[in-house]
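Below: the structure, in structure tokens.
The values are calculated or read from the model by the stated rules, or taken from the named source; none is laboratory data. Please read these numbers as outputs of a predicted model, since none were measured by experiment. Please note: Cβ atoms are built from the backbone with ideal geometry, for glycine as well, and neighbour counts cover all protein chains shown. We work out accessible area using only protein heavy atoms, side chains counted, and drop any ligands, DNA or RNA first. Shrake-Rupley method; radii C 1.70, N 1.55, O 1.52, S 1.80 Å.
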Amino acid sequence: MTTTTACPNTTTNNADAVAVAVDWLPINPNITPLQGWRAINPDVGGRHSYLIEYYKACRAGEILVGRELQTTLEGLIQDILHRSDVYRFDLAPAHKRINFIEKEVKHFEAPFAGKPFKLALCQKAIAEAIFGFYIYDPETSDNGRWVRRFQEVLLLMGRKNGKTPFTAALVLADWVCGEAGQKVMCASNDYEQASLIFDCINAFREESRSIERVTKKTVKGIFFGNPKQRKKTGKFSAQNKATIKKMSARQKALEGRNLKTVIVDEVHEMQDASMVLPLQTSLSTQDEPLYFEITTEGIVRDGYLDKRLIAARKVLRGEETADRWLIWLYTQDSEAEIWNDERTWQKSNPLVGIAKKWSYLREKVDIASKSNTDRAYILAKDFNLKQLSAAAWLRLSDIVACDGTFTLDDFKKTWCVVGVDLAETNDLCACTFLFMRPNDPTKYLYTMYFVTSAKAGDLQSTDSPTNPEKKDYKQWSAAGLVRIVDGNVIDDDVVARYIREIYDTYGIRPLKIGYDEWHAKEFAKITIHDFGAQYVTKIKMTCESLNTPTRTLEEDLRARHINYNNNEMCAWCFKNTAIRHDGKGFVMPEKIAGYVGNKIDGTMSKVIAYAALRECKSEFMKRIGG
């Protein structure tokens, strides 16, 4: 029997293991955990089953898995033991692919480059589940036979747990060990991501002398039949028209393919099913199609992955049936366990201690506990725990203003940086002046808001179309926090003239005026006329552009290095602000979901001011004598 490496567990206390074993609670109420599971024989048909071994290790608490994977494992084992009339469990095809990987496939990236690909126990269990179960299909091309049960696989695990190389190795093994003529497609949301798994398959191919001798790679894909090969017929020659190719969601002509295997990588980035539906259709003529979706949890709300997970969890709960869909989710059971018990991290990170370091996860958890900006992204990407709604970005303690206030008189005849957020609806907008003093880490932020008279006068309406936030802008106006503009639209020139007014009244000169590039053509024209083109800068409203300014603003608030003059409207905007992440982990502010009245104009103007400051920080400090 081949020695395998179990997925790691830091638990060494037997009492803890027993306690975990008792807490085996599949989320499907129709699945009753097996009694006497310790006595289950892991040998099936003269072969050792890694799937059964993995199940028993999880039941014993030697390996921790979440309740969703418990449900999958319990169902599979009961299918093996009690549903042999419906499913056959044949280990020969699965072990053929497992042995191929461990014999022929070598790693190509540090720190494992050149070393044999030794599958962990959890990976062997997945391979057995995919290639070991068979079901009778009367509609095959040869009028009925036993075929591979699972046609679709959803594999969800935390990042850096080796899901891409593992799937690449499985697909290459099936391409070589399976029937001739298999057409494989590596797909993703963009071409670069699709290339990751394709290049991984090709690197494994190149690392194996025996495979490299009978295959070739061109710009179109990977094929059988090496030009140096003498043999012209047979499965391992050009007579075998099997291919491995790649494509992206942006590629045209998605229809009309006849594929055997499809791998869709990082589906969490997809907004809809526009790419995957043609690929799923292309598998429909096959007797044993295989459609992989491999991913981590995402930060795209209401995207394709959200819908897939909703459907998957209905199946796991027993609300729907999908006998040919293998749902393998490495997920946490709660957020609390992440903070309170690091042993549970392996529920979403099955290769922690092998491919992923415990120290890395500890560092990420520490960052998440201190940074609201990073929290949602880390929980999603490292622990597959999605924040289902856009929660508040800042804690109330972060919003507490610095002691003391200031006036524009305190900064007469000095330099400033300006950030302007001209609202898309043009019913409220904000303009922030950023000041600094020599040898003082504090940034002084003076913000003026502008609101339409239609919004300001609509406070008493019970179902307000113009003031859904129900704020008393007239009271704020009396306090000098907002200016009320006639009409129902705030024209660009209103804010532009205000900046000029501050210059004329106080001699405060902007070194940079940052503005939202999408809604400010007239604003830019006026400010360039008043101050010069070199003092005006467009700020892109993207996560990549606003990432550093957003993070720096949070850090300054936490460090009490911001004085926003105890402005009540600024505090209100901070409380309304959530964070949006892109696929690369970059962030920018957005409204808290679910309430149209959550205005964040004040926050955006400050982030834009910070972005503008980045462009001129050295020069700005020289001008103020810092």
For this session: Give the residue from Leu172, Ile338, Asn439 lying farthest towards the positive end of the charge dipole for the chain; charges sit on Cβ (+1 for Lys and Arg, -1 for Asp and Glu) and the dipole is referred to the Cα centre.
Result: Leu172
Problem set entry | Cα centre as origin, Lys/Arg/Asp/Glu Cβ charges: the chain dipole, Debye | 2480
Exercise. How much FRET efficiency would the formula 1/(1 + (r/R0)^6) give for Ala110 and Glu363, where r is the Cβ-Cβ distance and R0 is 25 Å, rounded to 0.05?
Worked result: 0.80
Exercise. What does the charge count near Ala578 come to, summing +1 for each Lys or Arg and -1 for each Asp or Glu among other residues with Cβ under 9 Å from its Cβ?
Worked result: +1
Exercise. Taking the Cβ-Cβ separation of Ser84 and Asp582 as r and a Förster radius of 60 Å, what is the calculated FRET efficiency to the nearest 0.05?
Worked result: 0.80
Seminar exercise, completed: Burial-style ranking of 218-230, 143-155, average other-beta-carbon count within 10 Å with highest first, yields 143-155, 218-230
Exercise. In debye, nearest 20: dipole of the range 467-626 around its Cα centre with unit charges on the Cβ of K, R (+) and D, E (-)?
Worked result: 420
Seminar exercise, completed: Quick calc: nm separation of the 7 Å Cα→Cβ label points for Trp518 and Ala273 -> 2.9
Exercise. DSSP beta bridges in the chain, what fraction antiparallel, as a percent rounded to 5?
Worked result: 45
For this session: Give me the distance in nm between label points sitting 7 Å out from Cα along the Cα-to-Cβ direction at Gln229 and Ile27, one decimal.
Result: 4.5
For this session: Order the peptides 347-360, 539-552 from the highest to the lowest mean number of other Cβ atoms within 10 Å of their residues.
Result: 347-360, 539-552
Exercise. P(r) tail for the range 13-157, what percent of Cα pairs lie past 27 Å?
Worked result: 30
Seminar exercise, completed: Taking the chain and counting helices only, DSSP H stretches of n ≥ 4 at -39,500 (n - 2.57) each over all residues, the nearest-500 ellipticity at 222 nm comes to -11500 deg cm²/dmol
Seminar exercise, completed: A student asked for the Cα radius of gyration and Dmax of the chain in angstrom ought to give 29.9, 91
Exercise. When only Cα pairs under 8 Å and 6 or more residues apart are kept, what is the percent relative contact order across the chain?
Worked result: 13
Exercise. About the Cα centre of the range 252-321, what is the dipole size in debye to 20, counting +1 per Lys and Arg Cβ and -1 per Asp and Glu Cβ, all else neutral?
Worked result: 100
Exercise. With every protein chain present, what accessible area does Val315 have (1.4 Å probe, heavy atoms only), rounded to the nearest 10 Å²?
Worked result: 30
For this session: Scan the chain and note any complete DSSP helix (H) whose C-alpha atoms cover at least 20 Å along its axis and whose Kyte-Doolittle average is 0.5 or more.
Result: 163-177
Problem set entry | Extension gain (nm, one decimal) between Ala39 and Gln475, 0.36 nm per residue minus Cα-Cα | 149.5 nm
For this session: Give me the accessible area per residue for the chain, probe 1.4 Å, as a whole number in Å².
Result: 44
Exercise. Where a Cα-Cα gap under 15 Å defines reach, which aspartates and glutamates qualify for Lys96, not counting those fewer than 8 residues away within the same chain?
Worked result: Glu104, Glu128, Asp174, Glu179
Exercise. Can you tell me the Rg and Dmax of the range 539-626, counting just the alpha carbons, in angstroms?
Worked result: 13.8, 46
For this session: Could you check how much of the accessible area of the chain is carbon and sulfur, as a whole percent, using a 1.4 Å probe?
Result: 48
Exercise. Ranked from highest to lowest mean number of other Cβ atoms within 10 Å per residue, what is the order of the peptides 301-308, 393-400?
Worked result: 301-308, 393-400
Exercise. What FRET efficiency do you get for Glu139 and Trp339 if R0 is 41 Å and r is their Cβ-Cβ distance, rounded to the nearest 0.05?
Worked result: 0.20
